[in-house]
Each structure stands twice: as structure tokens, then as C-alpha cells.
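Working notes for the structure below.
The values are calculated or read from the model by the stated rules, or taken from the named source; none is laboratory data. Only a predicted model underlies this, so the values are computations on that prediction, with no experimental measurement involved. Positions of Cβ are generated from backbone atoms using ideal geometry, with glycine treated the same way; all protein chains shown enter the neighbour counts. Side chains included, ligands, DNA and RNA excluded: accessible areas come from the protein's heavy atoms. Shrake-Rupley method; radii C 1.70, N 1.55, O 1.52, S 1.80 Å.
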Amino acid sequence: MPYGSIDQLYDYLPQTTRGEHDAVLSDVLERATAIVEGELGFQFSDYGANAEARDIRHSRGQYLRLPGYQAGSITKVEEIAGRGTTSETAGEVTEYIEESDGRLYYDPGWTAGAWYRIEARWGYGPPPDDIVEVTLEVAVNIWRGRDASQWSASIGVEGQGSVSYNRALTWAQRSIIEAVRTRYQGVIHA
């Protein structure tokens, strides 16, 4: 799913005639989205239609950090003992607080090293406006690179080959992507 629309891209390219380059611009927009997703390390998409269970391992402290999910969609939290064994048991946790940043707070503290089964609508949802903006900027750069002979629709002597693009991001674009990644996933240490 591209981040942005062909109509938005035409707005950024006033020298083009609407409808004239739809197929090429669609390809450019998909490539720009792939570049942004590669830098993000995850994909924005619609949340799951229903709550699904996922097992999350807790390291320590009173906060349980969850992967991307729709705020307010948690339907159940259980601590799992003996996970994956024939003696697996689940004890429901009810006195937690969902923080605005997506972490779950539990006053007695989550058990270090324990597994928790969380039912929620998982995913990252639709892309925020700043990611759409960066994607459109990258698509414009790809399109303009075409005029500067930085990409070619055919490679080789005969027929269509692969399309090659310049994938450079500016420092400002990388900063925006990093800020969004931090907002959605927290600080990631490699």
C-alpha cells in the first residue's frame, strides 16, 4: 500500500498533466514507499479487523512494552506459565493501565522473564502525515532523477528490463523517519 496517492504526487509535479503518467507515477510512488519502509524497518497498514493473541516476553520493571497495536483495542492480558508445554496455564491480569505511548503499567510490576498473552488489534495503522510527506518528496526526487538520466525503464538491448532508481534520502528525511520510528517503536538499540 503506497503512502500517498497519485493525485497528491501530481500536486507536487505541476509540470505534468494529470492522467498522462499514472502508470509510471504509480511505480515511482511504490518505490518511494519501499525506500521509506526500508528506513523505518516496519510497514504502516490497517489494523487487524479483530483482536488476536500474541505472546510478549517481559524483561523487567512496571512497564510492559508492546509491538504496534491500536490504542484501546486490548481485550485481554494473561500471564502464561509453562508456555508451550503440556502444563501451560494462563492467569488473567486485570489491574493494568494502558499508557498513551502504548506501554502497559502494572503497579506490582510485571514478572521479569515471564510471557504475557495479549489480545489486541495489532499493527501500526495508517501512516502519519509526516511519513506521507517524506514518501512524496522521495517520489518527486525519483521522478526528477528520470529527467537527469538517473534511472532507466529498460536495461539491455531488447525489451523491458528492471527499473533502477537513486535511493538517496536527505538528512532531513532521515531525521523525520527516525523520529517516527522512535515514536512508534521506542528507542531501538542495535
Just give me the residues in region 93-137 being hydrophobic (A, V, I, L, M, F, W, C) and over 24 Å from the mean Cα position of the chain (by Cα), in sequence order. VAL93, ILE97, TRP110, ALA112, ALA114, TRP115
(1) open to solvent by less than 70 Å² (accessible area, probe 1.4 Å); (2) under 30 Å from THR33 (Cα atoms); (3) modelled with pLDDT under 90: which one isn't true of ARG65, the others all being true? (1)
In the set GLU52, GLU37, GLU30, GLU79, which member is touching a Pro at 6+ places or on another chain (Cβ under 9 Å) and of a type in the set (D, E, K, R)? GLU30
Restricting attention to region 100-118, and to residues there that are among the aliphatic types (A, V, I, L, M) and crowded, with 17+ Cβ neighbours inside 10 Å, which single residue is farthest from THR182 (Cα to Cα)? ILE118
How many of the residues making up region 25-53 are more than 30 Å from GLY72 (Cβ to Cβ), in contact with a Phe, Trp or Tyr (Cβ under 8 Å, 6 or more places away or on another chain) and either open to solvent by 40 Å² or more (accessible area, probe 1.4 Å) or free of Cβ contacts under 8 Å to residues at least 40 places away in the same chain (or both)? 1
List pairs: first in region 106-119 and closer than 14 Å to GLU95 by Cβ and touching a residue at least 40 places away in the same chain (Cβ under 8 Å), second outside any loop (DSSP other than H, G, I, E, B) and open to solvent by 60 Å² or more (accessible area, probe 1.4 Å), Cβ under 6 Å, 6+ apart or cross-chain? TYR116/GLU79
Counting only residues that are assigned to a loop (DSSP other than H, G, I, E, B) and among the hydrophobic types (A, V, I, L, M, F, W, C), which one in region 71-85 is farthest from GLY113 (Cα to Cα)? ALA71
Report, by residue number, each residue of region 83-99 that is open to solvent by 60 Å² or more (accessible area, probe 1.4 Å), touching a residue at least 12 places away in the same chain (Cβ under 8 Å) and among the hydroxyl-bearing types (Ser, Thr, Tyr). THR94
Take region 1-24 and flag every residue that is touching a residue at least 60 places away in the same chain (Cβ under 8 Å), open to solvent by 20 Å² or more (accessible area, probe 1.4 Å) and under 28 Å from GLN185 (Cβ atoms). PRO2, GLY4, GLN8
Filter region 80-103 down to the residues that are charged (D, E, K, R) and over 29 Å from TYR184 (Cα atoms) and list them by number. GLU88
Return the pairs, sorted by first residue and then second, in which the second residue is in a strand (DSSP E or B) and not aromatic (Phe, Trp, Tyr), the first residue lies in region 60-82 and is at positive phi, the beta carbons are less than 7 Å apart, and the residues are 6+ apart or on different chains. GLY82/THR89
May I ask you to say which residue of ALA148, ALA120, ALA153, ALA172 is at pLDDT 90 or above and either of a type in the set (Val, Ile, Thr) or more than 30 Å from ALA51 (Cα to Cα) (or both)? ALA172
Residues of region 92-126 that turn out to be part of a loop (DSSP other than H, G, I, E, B) and touching a Phe, Trp or Tyr at 6+ places or on another chain (Cβ under 8 Å), as a count: 10
